[in-house]
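Student: Handing you this structure, nothing more for now.
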Amino acid sequence: MPNILSAKVLNRFAKQVPELKDSLRAARMELEPTMAPPFEMLIRSIVYQQLSGKAARTIHDRMLELIGNLTPKSVLAKTQEELRSVGLLKLAEALADLANLTVIVPDICATHI
């Protein structure tokens, strides 16, 4: 996933934490905006928060292979067992709940506005 931080943010961070200035410069971070939809970015964040880097990447990749295009409806089209089978385990229910909310909330807003 491309870095979503701007050069301005990284420069401000380097000023606030001078000890990391050289490391940030040495890392040569590629500053590219992400084009991933918010739902996809949120799912990725949840998976990566709950697992270590390598395990998270493996499980995230397996999830993408299973689901394909990551949308609320594509998540809801899979059973809890299918989601658990790629390693999501406890996260399967949380991702399904998020997908449900993402689908339901816009509908509720549309009927009450």
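Student: I need the peptides 16-24, 73-81 ranked by packing, meaning the mean over residues of other C-beta atoms within 10 angstrom, with the highest value on top.
Tutor: So the peptides 16-24, 73-81, ranked by packing, come out 73-81, 16-24.
Student: With a Förster radius of 22 Å, plug the Cβ-Cβ distance of residue 80 and residue 57 into 1/(1 + (r/R0)^6) and report the FRET value to the nearest 0.05.
Tutor: About 0.50, to the nearest 0.05.
Student: Report the FRET efficiency, 1/(1 + (r/R0)^6), for residue 100 and residue 12, where r is their Cβ-Cβ distance and R0 is 35 Å, rounded to 0.05.
Tutor: E between residue 100 and residue 12, to the nearest 0.05, is 0.40.
Student: Give the residue from 68, 98, 51 lying farthest towards the positive end of the charge dipole for the range 38-112; charges sit on Cβ (+1 for Lys and Arg, -1 for Asp and Glu) and the dipole is referred to the Cα centre.
Tutor: 51
Student: Then there's this: Only counting other Cβ atoms within 10 Å, I'd like 10, 42 sorted with the fewest neighbours first.
Tutor: 42, 10
All of the numbers you see were taken from the coordinates with simple rules; none came from a lab. Being a predicted model, the structure only gives us computed values, none of them experimental. No Cβ is skipped: glycine too gets one built from the backbone with ideal geometry, and neighbour counts run over all protein chains shown.
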